[in-house]
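Everything below concerns the one structure shown next.
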Amino acid sequence: MNAQGTVHKYGDNVDTDVIIPARYLNTSDAKELASHCMVDIDPDFVSRVKPGDIMVADYNFGCGSSREHAPLAIKTAGISCVIAKTFARIFYRNAINIGLAILECPEAAEHISAGDEVKVDFDTGVITDLTTGQSFQAQPFPDFIKDIIAKGGLMNSIQG
């Protein structure tokens, strides 16, 4: 299982209210949520993102409220993986629950730049910045989490 795409980079403490502002939470439609993803800090994100792209951030990504709308908006916008120095715990769980791959790797988050082309190997945890040639080692997912992500989320994985 791999991901490869162009990097969209963000800083510290990107909270769920920035990922999907509360004023857009009057729907649970994933495509509608995705159309407003990151609008307050990166108004051009939805017009730039392509399927398979990768989001990279610094510390405490996904802090704030516990809404599943945030990882769902990111995934539906086209992001295949989020790499950060650290994640808020509830965001981490919600991301796995909806099938969004996320990896903590401080070194990768520090050195990867916006616009770089990055490849992620989920089996080994190796993150390769194809633009610079640098590689970074994240903790690979255990098999059960790889299965949840591959099946598109927790509910799909337990329903068979």
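The values are calculated or read from the model by the stated rules, or taken from the named source; none is laboratory data. The model shown is predicted, which means the values in this text are computed figures rather than measured ones. Cβ: placed from backbone, ideal geometry, glycine included. Neighbour counts: every protein chain shown. Quick note on the areas: whole protein, heavy atoms, side chains included, nothing else; ligands and nucleic acids left out. Shrake-Rupley method; radii C 1.70, N 1.55, O 1.52, S 1.80 Å.
Among the residues that make up segment 134-150, is at least one of them touching a His at 6+ places or on another chain (Cβ under 8 Å), open to solvent by 20 Å² or more (accessible area, probe 1.4 Å) and not aromatic (F, W, Y)?
The answer is yes; a qualifying residue exists.
Looking at I90, I79, can you tell me which residue is touching a Cys at 6+ places or on another chain (Cβ under 9 Å) and under 23 Å from K31 (Cβ atoms)? Step through it out loud before you land on a result.
Numbers: I90 fails: under 23 Å from K31 (Cβ atoms).
Going through I90, I79 in turn, the sole match is I79.
Please name all residue pairs, on different chains or six or more residues apart, with Cβ atoms under 8 Å, provided the first residue is in segment 136-149 and is free of Cβ contacts under 8 Å to residues at least 24 places away in the same chain and the second residue is of a type in the set (D, E, K, R) and open to solvent by 60 Å² or more (accessible area, probe 1.4 Å).
Listed pairs, sorted by first residue: P140/D123.
From (1) open to solvent by 40 Å² or more (accessible area, probe 1.4 Å); (2) under 13 Å from the mean Cα position of the chain (by Cα); (3) without any contact (Cβ under 8 Å) to a residue 60 or more places away in the chain, pick out the condition that doesn't hold for Q4.
(3)
Could you figure out which of (1) touching a Ser or Thr at 6+ places or on another chain (Cβ under 9 Å); (2) surrounded by fewer than 22 Cβ atoms within 10 Å (Cβ to Cβ) isn't true of V56?
(2)
Write out, first by first residue and then by second, each pair whose Cβ atoms fall under 6 Å of each other, whose residues are 6+ apart or on separate chains, and whose first residue, in segment 106-125, is free of Cβ contacts under 8 Å to residues at least 60 places away in the same chain while the second is in a strand (DSSP E or B) and of a type in the set (F, W, Y).
Close Cβ pairs satisfying both conditions: E107/F136; A108/F136.
Every residue, every condition in (1) under 14 Å from the mean Cα position of the chain (by Cα); (2) in contact (Cβ under 8 Å) with a residue 12 or more places away in the chain, yes or no:
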residue	(1), (2)
D17	no, yes
R23	no, no
C81	yes, yes
N94	yes, yes
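Scan segment 24-53 for residues that are modelled with pLDDT under 95, open to solvent by less than 60 Å² (accessible area, probe 1.4 Å) and over 23 Å from G152 (Cα atoms) and jot them down.
Y24
Listed here are the residues, each with its yes/no results for (1) open to solvent by 60 Å² or more (accessible area, probe 1.4 Å); (2) more than 13 Å from the chain's Cα centre (by Cα); (3) closer than 21 Å to V49 by Cα.
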| site | (1), (2), (3) |
| --- | --- |
| I74 | no, no, yes |
| G78 | no, no, yes |
| K85 | no, no, no |
| I98 | no, no, yes |
| L103 | no, no, yes |
| H111 | yes, yes, yes |
| D116 | no, yes, yes |
| D121 | no, yes, yes |
| T131 | yes, yes, yes |
